[in-house]
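Enquirer: Mind having a look at this structure? Questions to follow.
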Ligand code: XMP
């Protein structure tokens, strides 16, 4: 496997993903927490950084166990670091070095550049530039603005590049990573969804043995694939619980439960709608709603888990981005794990040991693993849906009637997206029930009813998002259908806000 040392670049996760796309397993670790089991890593990649190697905030990795001992590829900050502290020179650059550039010179007898030609587009993003190569540095490539765009160290398998091979705009970036990892470092490209499944199943069997495991299913991709993997490993010792919090999409509880049973999972569906509605009564504040929903879930889940005798483990669908500790720009690793809503899990009093089969993989990899396990494309392609469900899409207090109204609206919108072939082009879609009434006219009657907002966004990870340019004709038909069919709604608007500064959910 490959060790990626993170210096806090926004692109570090992309490096890991590109490497994995080459069917080579990679792991990200903060530059100042180098793992001790170094023999397991066959190559090292140093990431970029928002910091400068020249300032007080320069990050100083302890590379003595790595440099010259493992093939090393230094990207951006990494390349500047190796230059600056090993006999070269780094200085602020005079010209802008952001965005596209083309390699105007390539030392093409070096295997680093096999299959890559002069003119190849690369992506630059740096304000310092390497003025002088380090001791024993050999120039490998230049662009018109950046002379020292790539170099290697004579007598070592140490390579350095100023540009970012991990971003899509570096058109031959993947080839370059492959040249380094396969041709130079000699790694095998055998990390595939199938091999992941085999290894994970074995690891689960070894870890949990004959113990019982309980898992909360949400209907989403991650918890489902985690369940399928555990089921493959331990069969009936896996007890799944799927809670209906009354805030799911229309008919979701029944249809997903049926799907789970069809997949051979041992699932108990628990309809706790009333309990959640009662817990939410009169609450308007979004964070208080989240708390109320979270607490009710824990209570219900705990009740159910206690009915399984001798359960020892709690399984969760945590994925890699939730786990990676990133490095903060000031040097130290940031204290908090980037916590998504799933991390944190259940309270201590449950005293269960945790098993997280998807901890090492990214979302798109979860989907590929799911596909290799035979999970239906329909399930794998489902939009993300927040844990608190429609509860954070009903602005203001929540009542059974409002839930019904929003379920109807949401179903028309989502079915419409599917019928128009738009569903798979959208990352996430849903409807918000607004706490305003407005005047309308139906037939000859005045109405004074609710307004709903439709939201459809494109995104890769939900951190940033943009609204989707849905066809007007589709919006027109959808709006008509909603107002005609959903009692209590007389106005539909479409949300055209990006994130940031807005967020995807309205609460
Ligand atoms: P925002 O609204 O923060 O949403 O732009 C980003 C992504 O996170 C989902 N989301 C949640 N998921 N519990 C969850 O499990 C929550 O409380 C929650 N809030 C937002 C949202 O649906 C989007 O995919």
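Enquirer: With respect to residue 269, is the statement that it is in contact (Cβ under 8 Å) with a residue 12 or more places away in the chain and in a strand (DSSP E or B) true? Working first, answer last.
Expert: Values: in contact (Cβ under 8 Å) with a residue 12 or more places away in the chain: yes; in a strand (DSSP E or B): yes.
Judged against the criteria, residue 269 is a match.
Enquirer: All but one of (1) in contact with a strand residue (DSSP E or B) (Cβ under 8 Å, 6 or more places away or on another chain); (2) within 16 Å of the ligand (Cβ to nearest atom); (3) in the same structural domain as residue 406 (by TED's automatic domain parsing) hold for residue 460; which doesn't?
Expert: Evaluating residue 460 over (1) in contact with a strand residue (DSSP E or B) (Cβ under 8 Å, 6 or more places away or on another chain); (2) within 16 Å of the ligand (Cβ to nearest atom); (3) in the same structural domain as residue 406 (by TED's automatic domain parsing) leaves (1) as the failure.
Enquirer: Taking the options 46, 22, name whichever one is under 20 Å from residue 170 (Cα atoms), crowded, with 16+ Cβ neighbours inside 10 Å and without any contact (Cβ under 8 Å) to a residue 60 or more places away in the chain. Lay out the reasoning, then the answer.
Expert: Details: 22 fails: without any contact (Cβ under 8 Å) to a residue 60 or more places away in the chain.
Result: 46 is the single residue among 46, 22 that is under 20 Å from residue 170 (Cα atoms), crowded, with 16+ Cβ neighbours inside 10 Å and without any contact (Cβ under 8 Å) to a residue 60 or more places away in the chain.
Per-residue answers, yes or no, for (1) in contact (Cβ under 8 Å) with a residue 60 or more places away in the chain; (2) within 28 Å of residue 393 (Cβ to Cβ):
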| position | (1), (2) |
| --- | --- |
| 226 | yes, yes |
| 231 | no, no |
| 244 | no, yes |
| 249 | yes, yes |
| 260 | no, yes |
| 280 | yes, yes |
| 286 | yes, yes |
| 319 | yes, yes |
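Enquirer: I've got another one for you. Do we have any residue at all in segment 446-454 that's touching a residue at least 12 places away in the same chain (Cβ under 8 Å), within 16 Å of the ligand (Cβ to nearest atom) and surrounded by 18 or more Cβ atoms within 10 Å (Cβ to Cβ)?
Expert: There is at least one residue in segment 446-454 that is touching a residue at least 12 places away in the same chain (Cβ under 8 Å), within 16 Å of the ligand (Cβ to nearest atom) and surrounded by 18 or more Cβ atoms within 10 Å (Cβ to Cβ).
Enquirer: Moving on. Taking the condition of being assigned to a loop (DSSP other than H, G, I, E, B), surrounded by 15 or more Cβ atoms within 10 Å (Cβ to Cβ) and either away from the ligand (no atom under 16 Å from the Cβ) or without any contact (Cβ under 8 Å) to a residue 12 or more places away in the chain (or both), how many residues in segment 365-395 meet it?
Expert: Of the residues in segment 365-395, 2 are assigned to a loop (DSSP other than H, G, I, E, B), surrounded by 15 or more Cβ atoms within 10 Å (Cβ to Cβ) and either away from the ligand (no atom under 16 Å from the Cβ) or without any contact (Cβ under 8 Å) to a residue 12 or more places away in the chain (or both).
Every residue, every condition in (1) more than 26 Å from residue 401 (Cα to Cα); (2) over 20 Å from the mean Cα position of the chain (by Cα), yes or no:
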{"site": "435", "(1), (2)": "no, yes"}
{"site": "458", "(1), (2)": "yes, no"}
{"site": "469", "(1), (2)": "yes, yes"}
{"site": "480", "(1), (2)": "no, yes"}
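Enquirer: Right, another one. Within segment 77-108, how many residues are at positive phi and either at pLDDT below 95 or not assigned by TED's automatic domain parsing to the domain that holds residue 9 (or both)?
Expert: Applying the first criterion (at positive phi) to segment 77-108 yields 87, 99.
Right, trim to either at pLDDT below 95 or not assigned by TED's automatic domain parsing to the domain that holds residue 9 (or both) and you get 99.
Summing the residues that are at positive phi and either at pLDDT below 95 or not assigned by TED's automatic domain parsing to the domain that holds residue 9 (or both) in segment 77-108 gives 1.
The values are calculated or read from the model by the stated rules, or taken from the named source; none is laboratory data. Remember, it's a predicted structure, so these values are computed and weren't measured experimentally. Don't worry about glycine lacking a Cβ; one is built from the backbone with ideal geometry, like all the others, and counts go over all protein chains shown.
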